[in-house]
Amino acid sequence: MILGLVMFIVAAVFFVNIAFACGKCAQKENGWLNLIFGGILLFLILLGIAKEWSGPSTAEYPSTALWWAAQVLLFAMTYVFLGLQRIKDFDGRVVGWFCGFVVINVPLPTYQTFMSGDVLLGIIWIIWGYLWLLFFISMGLGKLNDSKIFAKVTVVSMIVGFLVSLWVPGLYMLNGWWHPLLGG
């Protein structure tokens, strides 16, 4: 399942971002990893769009492939922006405000996922929305340095989010175990 592959790739970058948040790796190295993996996701999405999309004149417009691509673009562009921010030592507000944009868009795919019957993936969307909200508050509004408690909550949330919403589900999806988890 392609979603499992995407989640696994995102989990790898997220894991290293946790290490960065804990002071365990250098900013520019972390930036390059974000940029490379974000670029890979972006390339895959654009390739998929070019392959699947036949334009607005078809009966399938807007296609489900385009909607799926738009959702994955939220992840890809987060990592591309984060990579550039860390490589160029920008202040991070653009990344933060992009995360704020993502937060206001999360309810629709969350709702659609719940309505499709994939309750676990719907819960995962809620977790992702929560994490993007933390990144909006910390980078977009500049609140990370204001509170050590907020910084700790953010790191703990990243660790839980990594395990519960990316790595384990990605492994389950890649191995074909996801739907048996749901009883279907």
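The values are calculated or read from the model by the stated rules, or taken from the named source; none is laboratory data. Given the structure is predicted, the values throughout are model-derived calculations rather than measurements. All Cβ positions, even for glycine, are placed from backbone atoms using ideal geometry, and neighbour counts span all protein chains on display.
Would you mind stating whether G170 is crowded, with 18+ Cβ neighbours inside 10 Å, within 18 Å of C99 (Cβ to Cβ) and at pLDDT below 95? So G170 does not fit the description; no. Screening G176 with (1) surrounded by 14 or more Cβ atoms within 10 Å (Cβ to Cβ); (2) within 24 Å of L5 (Cα to Cα); (3) in contact (Cβ under 8 Å) with a residue 60 or more places away in the chain gives one miss only, at (1).
Which residue, of W125, W132, is of a type in the set (A, V, I, L, M, F, W, C) and within 18 Å of R86 (Cα to Cα)?
Result of the check over W125, W132: W132.
Among the residues in the range 101-122, are any more than 24 Å from A70 (Cα to Cα) and either more than 15 Å from the chain's Cα centre (by Cα) or of a type in the set (G, A, S) (or both)? Taking every residue of the range 101-122 in turn, none turns out to be more than 24 Å from A70 (Cα to Cα) and either more than 15 Å from the chain's Cα centre (by Cα) or of a type in the set (G, A, S) (or both).
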